[in-house]
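Colleague: Attaching a single structure in structure tokens format; questions to follow.
The values are calculated or read from the model by the stated rules, or taken from the named source; none is laboratory data. Keep in mind that what you see is a predicted model, and the values were worked out from it rather than measured. All Cβ positions, glycine included, derive from the backbone under ideal geometry; neighbour counts span all protein chains shown. We work out accessible area using only protein heavy atoms, side chains counted, and drop any ligands, DNA or RNA first. Shrake-Rupley method; radii C 1.70, N 1.55, O 1.52, S 1.80 Å.
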Amino acid sequence: MKNKSLVSIHDITKDDYERILNLAEKFEANPKRKILNDFVVATLFFEPSTRTRLSFESAASRLGAKVIGFTDAATSSVKKGESLKDTILTVSNYADVIVMRHPKEGSARYASEVSPVPIINAGDGSNQHPTQCLLDLYSIRKTQKKLDNLNIAFIGDLKYGRTVHSLAIALTNYNTTFHLVSPVELKLPSAVKRYIKEKNLKYHQYTEFEEVIPNVDILYMTRIQHERFSDPVEYERVKNAYILKNKMLDKAKKNLKVMHPLPRINEITEDVDDNPKAYYFSQALNGVFVRQALLTAILGVEVKTGS
Ligand code: CP
């Protein structure tokens, strides 16, 4: 992965995921390794973020790298009309790698085509979120002790949820059975379902979610993405479609974990937070270790034992 951009989960192989997850385990054991002292990481966020930006910045800082960037494009020269190409060409003079979130699908691919330094896609519209996918794989492997042969339920906005798109594609490498729960108008895009079918894997679609809970290993909750709706009335209709309450987990399998890329709005009630099955805040912590692994892999820095 040295010097390569990560735009889509399609850009990397199953072997790549596993190398990153194994490396992330080393960082979890010892996150404070000053091995990126000579590097600068730019974080360009054209769309709001808490976890992705701050976990990348935490990952880079703990490795000794300097971090530059913006959290609001309105404070940059984009506000004056500068193009994405000019912004990327300029920032690439100042940084060794660029982490970028942008509301437009395809923007990260475009940036990677014009940039002389690697681009890491931190989310492009409703398309892809490959680094979230890697931390989700890490979280599943850590809690289930395996990635193969699991029943995974995706609940909520499967149309616009980019984390679901990336993770569903990655999980087709692991003989997953998919349980897809969404309102009819927010179903998983056909392109992702086609991909599942091509791998001869099973998926089941539902509009209700209580019946799914007892049969799955992972309950991957997502928020309904109000910012992607063109019609606010449509959002109002589906915004309370799925709300997980603690009581609903009584019949869950012992090993079940509740995951959520966060932020949550109302789709998991706070009484779930104290249930040992709730894993979403630990999942967000795992993001630091996975992003440490990814930065070192892309910057081509070897992680030596004891370094
Ligand atoms: N999971 C995730 O992408 O969260 P943020 O939007 O806070 O970065």
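Colleague: Which order, highest average first, do 94-101, 36-43 follow once you tally other Cβ atoms within 10 Å for each residue and take the mean per peptide?
Modeller: 94-101, 36-43
Colleague: Just grab the label-to-label distance for L285 and T305, each label 7 Å out from Cα along the Cβ direction, in nm (one decimal).
Modeller: Taking the simple label geometry, L285 and T305 are separated by 2.6 nm.
Colleague: Quick one: with all protein chains in place, what share of the accessible area of the chain is carbon or sulfur, to the nearest percent (1.4 Å probe)?
Modeller: 48
Colleague: Please state the charge dipole magnitude for the chain, taken about the Cα centre, from unit charges on C-beta atoms (+1 on K and R, -1 on D and E), reported in debye and rounded to the nearest 20.
Modeller: Here the size comes out at about 680 debye.
Colleague: Same structure, new question: Looking at this model, which pairs from K193/K245; K104/K197; K202/K254; K202/K257; K26/K145 are more than 26 angstrom apart at the alpha-carbon?
Modeller: K193/K245; K104/K197
Colleague: Something else now. If you put +1 on each Lys and Arg Cβ and -1 on each Asp and Glu Cβ, how big is the dipole of the stretch 47-166 around its Cα centre, in Debye rounded to 20?
Modeller: Result for the stretch 47-166 is approximately 360 debye, rounded to the nearest 20.
Colleague: Follow-up. Quote the relative contact order of the chain in percent (integer), defining contacts as alpha-carbon pairs under 8 Å separated by 6+ residues.
Modeller: Averaging sequence separation for qualifying contacts and normalising by length gives 21 percent for the chain.
Colleague: Classify the stretch 171-289 as rounded, prolate or oblate, taking a ≥ b ≥ c as the square roots of the eigenvalues of its Cα gyration tensor: rounded when a/c is under 1.5, otherwise prolate if a/b is larger than b/c and oblate if not.
Modeller: It is rounded, given that a/c, with a ≥ b ≥ c, falls under 1.5.
Colleague: 222 nm [θ] for the chain, helices only, -39500 (n - 2.57) per DSSP H run of 4+, per residue, to 500?
Modeller: -10500 deg cm²/dmol
Colleague: A follow-up question, please. Say R0 is 25 Å: what FRET efficiency, to the nearest 0.05, do K146 and Y235 get from their beta-carbon distance?
Modeller: With R0 = 25 Å, the Cβ-Cβ based efficiency is 0.10.
Colleague: Place a point 7 Å from the Cα of T269 along the Cα-to-Cβ direction; which residues of the stretch 221-239 have their backbone N under 16 Å from it?
Modeller: The answer is none, because no backbone nitrogen lies closer than 16 Å to the label point.
Colleague: Please give the peptides 213-226, 5-18 ranked by average Cβ packing (other Cβ atoms within 10 Å per residue), highest first, as a rough proxy for protection.
Modeller: Final packing ranking: 213-226, 5-18.
Colleague: On to the next question. Between D72 and E227, what is the spin-label point distance in nm, taking each point 7 Å from the Cα along the Cα→C-beta axis?
Modeller: Between D72 and E227, the simple spin-label model gives 1.3 nm.
Colleague: Rank these by accessible area, largest first, 1.4 Å probe: F178, F46, F281.
Modeller: Sorted descending by solvent-accessible area, the residues read F281, F46, F178.
Colleague: Sequence gap at least 6, Cα distance under 8 Å: using those rules, report the relative contact order of the stretch 130-284 to the nearest whole percent.
Modeller: 24
Colleague: Would you rank E28, E270, E210, E47 by solvent-accessible area, highest first, keeping every protein chain in place and using a 1.4 Å probe?
Modeller: Largest to smallest exposure gives the sequence E270, E210, E28, E47.
Colleague: By a straight-distance test (C-alpha under 16 Å), which lysines pair with K251 as possible cross-link partners, with residues fewer than eight away in the same chain excluded?
Modeller: Within reach: K277.
Colleague: Taking a probe of 1.4 Å, how large is the accessible area per residue of the chain, in Å²?
Modeller: Roughly 44 Å² per residue, with all protein chains present.
Colleague: Further, regarding this structure: Compute the relative contact order of the stretch 207-259 as a whole-number percentage, counting only Cα pairs closer than 8 Å that sit 6 or more residues apart in sequence.
Modeller: Contact order relative to length: 61 percent.
Colleague: Still on this structure, I have one more. Need one number: nm distance between label points at H204 and K247, each 7 Å from Cα along Cα→Cβ, rounded to one decimal.
Modeller: 2.4
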